[in-house]
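To keep things clear, I will list the structure first and then write my remarks on it.
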Amino acid sequence: MEPNNPFSRQVRLLVSLLPQVAKQECFALKGGTALNLFVRDMPRLSVDIDLAYLPVQDRDTSLAAIDQALEKIRAAIEKAVPGCAGRAQRLKGTDKRIKLLVTQAEVTVKIEVTPVLRGSVYPSQAREVADRVRSEFGYAKIQLLSFEDLYAGKLCAALDRQHPRDLFDVRILLANEGISPRLKDAFLVYLLGHNRPMVELLAPVMQNIQPAYAAEFAGMALEPVKLEELEEARRQLVGQIRRMLTDEDKHFLLAVKRDDADWSRFALPEAERLPAVQWKLHNLKRMDKTKRRQAILKLERVLFG
């Protein structure tokens, strides 16, 4: 990687912060940094620290614990990493921290916890940085979400926001391991807990990704990847997701939408307790009956049409 690459300084700072983040074992690393700096041998750079809060607790207890853990991270970073200053951002309507912006000189790295997506489908595990990361940016070890959790979240992100970085990560998955049954089951859980309607991820409106490709992706990949290759990965992903869903999967998704699902028949029945899924079920119960019927019909058309 070229030393003057604008992202390289962020990665160097990010890696230096990870040991302090890792001390808070209530968190597991997720997202592009987990995939590209730990699971893969740095096919692209990644400049954010996205964290999952692992304990499954009520919202107030979780927010208080997240707030305290982020404050400990901020204090530890400012003590251990020369020249760093951390600034907290709080969840709207509360006094609880959910994000830190850590700056050293003119370089900033974001550390963020998603307050709704708490817990995990499969157990997390400690991982060391990939060999290329260690040789170029230094050593770190931290708890990661499972491979399946990481990619289940990534698949949903790629279908939702369709950012070139997400499509790049998915392209590597499709070219290598593919979507295993375990990953498919995890994807269904993340789909059910997503803040957007399921139909919008299963039948996404294709967005113009050229501006984001030019402004927010170019220079990140170690080997050049054309815009057209990422667009093709998006087409492949949508098609593969639709093909891999069994009739049983489809009927279960519809049953969740109708609020009459038998979770004991699902491959991961314990996933019903996850806060994101519970929040989605709560919102479905509050949905206007007419709008809900329309949403069920729309989902049915996408799944079986």
Test: residue 159 is assigned by TED's automatic domain parsing to the domain that holds residue 230, within 14 Å of the chain's Cα centre (by Cα) and touching a residue at least 60 places away in the same chain (Cβ under 8 Å): yes
Scope segment 273-305; condition among the charged types (D, E, K, R) and assigned to a helix (DSSP H, G or I); matching residues: 273, 280, 285, 286, 289, 291, 292, 293, 298, 300, 301
Residue ID - surrounded by the most Cβ atoms within 10 Å (Cβ to Cβ), chosen from residues in segment 213-243 that are within 18 Å of residue 45 (Cβ to Cβ) and among the small types (Gly, Ala, Ser): 221
Single residue of segment 269-290 satisfying the filter (charged (D, E, K, R) and in contact (Cβ under 8 Å) with a residue 24 or more places away in the chain) that is farthest from residue 61 (Cα to Cα): 285
Residue match in segment 254-268 (condition: over 17 Å from residue 186 (Cβ atoms), in a helix (DSSP H, G or I) and in contact (Cβ under 8 Å) with a residue 60 or more places away in the chain): no
Residue 68 vs. criteria buried (at least 17 other Cβ atoms within 10 Å of the Cβ) and either assigned by TED's automatic domain parsing to the domain that holds residue 128 or modelled with pLDDT under 95 (or both): no
Criterion (at pLDDT 95 or above, surrounded by fewer than 22 Cβ atoms within 10 Å (Cβ to Cβ) and at positive phi) met by exactly one of 143, 104, 162, 89: 162
Any hit, segment 17-39, residues being of a type in the set (Ser, Thr, Tyr) and in contact with a strand residue (DSSP E or B) (Cβ under 7 Å, 6 or more places away or on another chain): yes
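The values are calculated or read from the model by the stated rules, or taken from the named source; none is laboratory data. Please read these numbers as outputs of a predicted model, since none were measured by experiment. Heads up, the Cβs are rebuilt from the backbone with ideal geometry, glycines too, and the neighbour counts pull from every protein chain shown.
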